[in-house]
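The values are calculated or read from the model by the stated rules, or taken from the named source; none is laboratory data. Just so we're clear, the structure is a prediction, and the values are computed from it rather than from any experiment. Note that each Cβ is placed from the backbone with ideal geometry, even for glycine, and that neighbours are counted across all protein chains shown.
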């Protein structure tokens with residue numbers, strides 16, 4: 001936030017849904033990976049100009065200076081992203097979601113310790129509808145159809161706490177596998193939404209580091 005223009009910071013603080021997600025994970029004893037997912041072109045250009053030139057990152061509250069050793073940038077248009085799913089010969093019907101940072105959802109005013117297909121899909125529907133220039137999916141009927149044919153068939157999860165200032169938010173971390181039944185077009189739509197989690201994250205506070213997610217389609221598990 002310190003690197004961004006003041007007017008942009010003000011907009012982000014007032015926004016209900018930020019157009020980016022981020023998380024940091026250790027990849028060795030002395031090396032971290034900072035992952036930023038952006039799904040808005042205008043904001044992308046602003047953030048890239050601020051972050052890409054960095055050679056060091058000063059964490060003032062920790063008294064630490066980090067050296068930037070490498071940068072990898074991947075760009076995909078909305079058309080190319082959608083084509084992966086809606087132009088493919090056969091839709092994938094099984095997806096593995098790896099939650100690499102603590103994830104949780106707000107339901108009934110409380111934090112949820114275990115995911116459901118509804119909570120995951122609802123989170124992604126909201127984010128994709130805010131992102132897409134082509135169509136909106138933030139509709140209870142769409143969510144109901146997706147829920148009817150999508151279920152968690154395997155999981156390996158544990159509780160984990162995300163530390164935010166002086167507080168801690170307890171959620172879950174680990175792996176879930178979702179299976180998608182039903183019509184082909186619904187399977188394509190569901191696969192697209194689940195894969196969007198790599199850009200948008202899942203659940204709450206994804207712009208602060210929660211809900212980091214890697215998504216892998218498991219085509220070899222598909223049934224005829």
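A few notes on this one:
- With respect to the conditions (1) modelled with pLDDT of 90 or more; (2) assigned to a loop (DSSP other than H, G, I, E, B); (3) under 20 Å from residue 163 (Cβ atoms), residue 33 lacks only one, and its number is (2).
- Of all residues in the stretch 1-17, those that are closer than 23 Å to residue 203 by Cα have Cβ atoms under 8 Å from Cβ atoms of residues that are assigned to a helix (DSSP H, G or I), 6 or more apart or on another chain, in 1/9; 1/12; 17/126; 17/127; 17/130.
- Residue match in the stretch 57-76 (condition: within 18 Å of the chain's Cα centre (by Cα) and closer than 18 Å to residue 205 by Cα): no
- Exclusive hit being exposed (fewer than 15 other Cβ atoms within 10 Å of the Cβ), assigned to a helix (DSSP H, G or I), without any contact (Cβ under 8 Å) to a residue 12 or more places away in the chain and not assigned by TED's automatic domain parsing to the domain that holds residue 177, set 62, 49: 49
- Of all the criteria given as (1) more than 23 Å from residue 76 (Cβ to Cβ); (2) part of a helix (DSSP H, G or I); (3) at pLDDT 95 or above, the one not satisfied by residue 120 is (1).
- Residue check, residue 12 modelled with pLDDT under 90 and surrounded by 10 or more Cβ atoms within 10 Å (Cβ to Cβ): yes
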